[in-house]
Amino acid sequence: MSEVEKFIERFRTKETIEVFTRGCCYWFAYILCGRFPQAELMYDLTENHFMVEIDGRLYDITGDVTGEYTPIPWDFYDDIVHKRRIERDCVLFANLKDT
């Protein structure tokens, strides 16, 4: 098991998998980027899912997801309108209404 996978394992529970795969995937990728300086934030447009690439492998809360997604580096995603909507809704949660 890689150092990255060992780190992810410390977070992984049924509840965290649900949280970080259903609307908060950006924030787990952010945690991984903070822990592993070589991590690059990646985004799969089709699946609307964030993950990181570290040493040629892809990771999210479920572990090594290499081959399961076709992401692009978030910094190179150039659909500005869609990117702003993702940032608003998935990163800042600005679309949430008070209940």
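Return the total of residues in the range 31-41 being open to solvent by 10 Å² or more (accessible area, probe 1.4 Å), hydrophobic (A, V, I, L, M, F, W, C) and outside any loop (DSSP other than H, G, I, E, B).
Counting residues in the range 31-41 that are open to solvent by 10 Å² or more (accessible area, probe 1.4 Å), hydrophobic (A, V, I, L, M, F, W, C) and outside any loop (DSSP other than H, G, I, E, B) gives 3.
Would you tally the residues in the range 1-30 being open to solvent by less than 50 Å² (accessible area, probe 1.4 Å), at pLDDT 95 or above and out of contact with any Leu (no Cβ under 9 Å at 6 or more places or on another chain)?
Number of matching residues: 6.
Yes or no: the range 69-89 includes at least one residue that is closer than 24 Å to K14 by Cβ, open to solvent by 40 Å² or more (accessible area, probe 1.4 Å) and either modelled with pLDDT under 95 or assigned to a strand (DSSP E or B) (or both).
The answer is no, given that none of the residues of the range 69-89 is closer than 24 Å to K14 by Cβ, open to solvent by 40 Å² or more (accessible area, probe 1.4 Å) and either modelled with pLDDT under 95 or assigned to a strand (DSSP E or B) (or both).
Given the condition in a helix (DSSP H, G or I), out of contact with any His (no Cβ under 8 Å at 6 or more places or on another chain), of a type in the set (A, V, I, L, M) and surrounded by 13 or more Cβ atoms within 10 Å (Cβ to Cβ), answer yes or no: does some residue in the range 42-57 qualify?
Taking every residue of the range 42-57 in turn, none turns out to be in a helix (DSSP H, G or I), out of contact with any His (no Cβ under 8 Å at 6 or more places or on another chain), of a type in the set (A, V, I, L, M) and surrounded by 13 or more Cβ atoms within 10 Å (Cβ to Cβ).
Output the qualifying pairs, or none if there are none: Cβ atoms under 6 angstrom, residues six or more apart or on different chains, first residue in the range 5-17 and in contact (Cβ under 8 Å) with a residue 60 or more places away in the chain, second residue open to solvent by 60 Å² or more (accessible area, probe 1.4 Å) and not β-branched (V, I, T).
none
The values are calculated or read from the model by the stated rules, or taken from the named source; none is laboratory data. Quick caveat, the model's predicted, so the values are computed rather than measured. Backbone-built Cβ (ideal geometry, glycine too); neighbour counts: all protein chains shown. Heads up: the accessible areas ignore ligands, DNA and RNA and are worked out on the full protein's heavy atoms, side chains in. Shrake-Rupley method; radii C 1.70, N 1.55, O 1.52, S 1.80 Å.
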